[in-house]
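The values are calculated or read from the model by the stated rules, or taken from the named source; none is laboratory data. Bear in mind that the values here come from a model prediction, so they are computed numbers and not experimental data. For neighbour counting, all protein chains shown are included, and Cβ atoms are generated from backbone atoms with ideal geometry for every residue, glycine included. The area values use the complete protein model at the heavy-atom level, side chains included, leaving out ligands, DNA and RNA. Shrake-Rupley method; radii C 1.70, N 1.55, O 1.52, S 1.80 Å.
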Amino acid sequence: MLDWGITVVLWLQQFSPNLDGFFRAVTHLGGEEFVVVAVPLVYWSLDRRTGIRLAVLAIVSGLVNGLAKLWADQPRPFAYDDQVVALTESGSLGFPSGHAQLAVVVWGYLAASARRSWSSIVAVAAVVLVGLSRLYLGVHFPTDVVGGYLIGLGLLLVFLAAWPAVERRLQMTPVPALLLIPALPAGLVLVVRWSETGGRVAGALLGLGLGVLWERRHVGFDTAGSPRQRVLRMLLGGPVLAALWLSPLPVSAGAELLRYLLAGAWVAAGAPWLFVRVGLAPASLDSPDLEDDFAPA
């Protein structure tokens, strides 16, 4: 199967370098950098609850993908056959493709939330292009991409079916118990000593989870506002998020945890607090609990 995959990858790479720039660009549609843009865009300027759900789904996808890679322990094409050229940076383990999996869950959820025919077309196009880009760039076998697609689709379907019930249960959960929701899986990730990836997942869980809980009780941020206000939120909050996400910390599990914790907390709480303070967003603390936040849309 891997030998057949090498044949496919080498056939696609015959078009290099003519298509290098195109596929290096479209591969980002399934990368972490796309999530870093999409989550705050939705959370700050479109719909806060949809943004929370998108962040949860993306983090769960990252957690599942990392565990699946460790379990499968499959090589990348360029490590399996030296005829393959790695045209972009990648990690050491291949199956399943994280980009393909993330593209399915993120673009699929955005399309399901938009409920427009054009959104489904855009989502399918993005997912297909991301999968092709991973093959062309020499960092995944076809089986890696198909595996990522299937796992991503399974996660998306389970999330869409189960999340309303989860939200209803969260309405009845005391806030002290809610604090354990991001803390427990983050602690588990660290106990497993899951290297830099573990630090990222743990940090994102803690930063976003604790940030949302704090923001709901002390800010009451709402995404309503004029188009100008919505654009200004991204222009004000985006550079700070970029500085945190791209901070030149040493590469280690602890440093990645800190970096992603701060970035997640800024997205969930810091930026919304600032938007309310400078008049770019309305706020309401009439209901200091979390019922509104976890009420089904």
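Computed from backbone phi with θ = phi - 60° and the Karplus coefficients 6.51, -1.76 and 1.60, the 3J(HN,Hα) list for the stretch 273-279 is 4, 5, 4, 5, 5, 9, x Hz; x is used for glycine and proline.
Can you compute the helix-only [θ] at 222 nm over the chain? Use -39500 (n - 2.57) per DSSP H run of at least 4 residues, normalise by all residues, nearest 500 deg cm²/dmol.
Details: 15 runs with 207 residues, N = 297.
After summing the helix terms and dividing by residue count, I get -22500 deg cm²/dmol.
Solvent exposure of the chain, expressed per residue, is 49 Å² of accessible area, with all protein chains present and a 1.4 angstrom probe. Anisotropy class assigned to the chain is prolate, per the alpha carbon gyration tensor with a/c at or over the 1.5 cut-off and a/b larger than b/c. Element breakdown for the chain at a 1.4 angstrom probe: carbon and sulfur atoms account for 68% of the accessible area. Which whole-Hz couplings ³J(HN,Hα) result when phi for each residue of the stretch 232-239 is put into the Karplus expression 6.51 cos²θ - 1.76 cosθ + 1.60, θ = phi - 60°, listed in order with x for Gly and Pro? So the Karplus estimates, Gly and Pro as x, are 5, 4, 5, 5, 7, x, x, x Hz. Take the Cα of Ala86, step 7 Å toward its Cβ, do the same at Ala255, and the gap between the two points is 1.9 nm.
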